[in-house]
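Some notes on the structure that comes next.
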Amino acid sequence: MKAKLIAALVPVMMLFCSEGSSQIVDQNVLDNYSPEVISRMYQLVKKTNINSIKQNAIAIIFKNQGDAISNMIRNGNTQTEIDSVYNAYQNSWKSVLSSTDQFYYSTELYQENTALRYSYPLILNVIKYQTEIGLSSNAVNYLLARIDSLKIQEENFIAQNPDQLFNSFSLQNKYLNNVMSDSQYMRFVRIYYDKKIALKAKTEWDELVQKNLQGTYDAEITTQQFYDFYMAKQFAYGRYERNELQKRSYLQHLYDTEPEAERKLYYARRFKNAGQNNKPTDFSQFLFAIKNTNQLTLNEDQVKAVFEKADSLEILKERAYQEDSTHPYDAKAFESSRLKNILSSEQYNNFLHLKNSGRAKSHALNDWYELGQRNMTQGHNMDSTVTEIRNFYLVRQNLYDYYADDKITQGLLVAAVNRGMPASLRALVKARKSPGNDTSGEGYNW
């Protein structure tokens, strides 16, 4: 008992026994504030050595923070409301610190945190929320005993590895699984990871909007779907950490039923340049169709079918890569035949127009500027010329895509289109072959 009393008094004694003039709590703070404020001030001064003016300013904030939090607890405010007020006060008193003060504070805090031992957050949080989880008293006693066991294991580990940190996460999780049912473990996961998963769900929605993939999704419903999906995923990794087969089975079912919006994000990340047609080897026609669901008026069955074909294509690409990593799989024929079967004729034609019109116009503009550089635009209108060339490129590229699965028909139709090449483009093609860019002959007029 005497030893405990001395240990309890040490922090208070140190308030008055600092070395020299450093790490001293201001006398006005000592005289006018509660022990809680004084103790917090001591910890702050120990880390930053701030002067008396800053101490008194922060002491007021500490007092107001304590009063506000106490009143909110008495009034039955929610945890979210209390946390919000607490964080506001935290930011308030930190703003009093100079950048140097903040540097010292952050450095000292980091060193303290890394030096912490015997911290077992999984078990401690289960015990903290035992009522909400529905844990029995026997289970709680079992976990308390496991804390003592963990301390012994940590001491032995540190004795052998003094420069390393003891990672007890897997052991804690093992002990939780020993005494918790599936439903209890899920309740724990929802409590412990709530803020982390909620932030992840919001981030997923923001990314969906940023990539313009949200379509007609409702923000609140879709964010909740993200939340439930990632919470179930977190459950699987924790609950089945030591049972790989069961974990795989659970995750496979989860992925089979994952939200449609999550699959959209998956493909958008896998094909980062979807919508940029200048990189055909990375471009996915399936993803482009999904991205333009509204413009193409795709129904749910069509969207599901497109996703299924996208999955099949990924398998084909992986197989091709394993057989020969130097030659990427040419997906054009596969995409053409499958999309024509899934989309109506009108939808597929609209799809090709959306896919190829941007690139066709870009090429047409480049051709016009090249004609100008070769002094071949006199007496011609830019808009009408660009439109004519653009239409030529668009029709030709649409034919390449439409008949990618029928090379014979594709060759015949493209050859016919090439015979009707605009005079401006035909003159440009000839000029590119002219030595010294001599475009004075009759063949260069159009």
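Only the coordinates and a few stated rules stand behind these numbers; no lab work does. Just so it is clear, the model here is predicted, and its values are computed rather than measured. Using ideal geometry, Cβ is built from the backbone for each residue, glycine included, and neighbour counts are taken over all protein chains shown.
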Cβ charges +1 (Lys, Arg) and -1 (Asp, Glu), total dipole of the chain, debye: 400
Helix 260-270 vs. the chain, principal-axis angle (Cα, 0 to 90°, nearest 10): 70
Computed label-point distance, nm, for sites Glu262 and Leu199 using a 7 Å Cα→Cβ extension: 2.0
Between 0 and 90°, nearest 10: helix 2-15 axis offset from the chain longest Cα axis: 70
21 Å Cα-Cα threshold exceeded, pairs from Lys233/Lys291; Lys128/Lys196; Lys211/Lys264: Lys233/Lys291
Anisotropy class of the range 115-271 from Cα gyration tensor, a/c 1.5 cut: prolate
Whichever lysines have a C-alpha closer than 18 Å to that of Lys54, once near sequence neighbours (fewer than 8 apart) are set aside: Lys46, Lys63, Lys94
Helical mean residue ellipticity (222 nm; -39500 (n - 2.57) per DSSP H run of 4+; nearest 500) of the chain: -24000 deg cm²/dmol
Helix axis angle, 345-373 relative to the chain longest principal axis, alpha carbon, degrees: 80
Label assignment, volume of the Cα convex hull per residue in Å³ derived from the structure, set (1) 167; (2) 303; (3) 229: (2)
Gain on full stretching of the segment that runs from Ala57 to Asp301 - 0.36 nm per residue minus C-alpha separation: 81.4 nm
Two-site label geometry, Asp324 and Ala68: point separation in nm, points 7 Å out along Cα→Cβ: 6.8
Charge dipole of the range 288-421 about the Cα centre (unit charges at C-beta), most positive-ward option of Ala415, Asn299, Leu365: Leu365
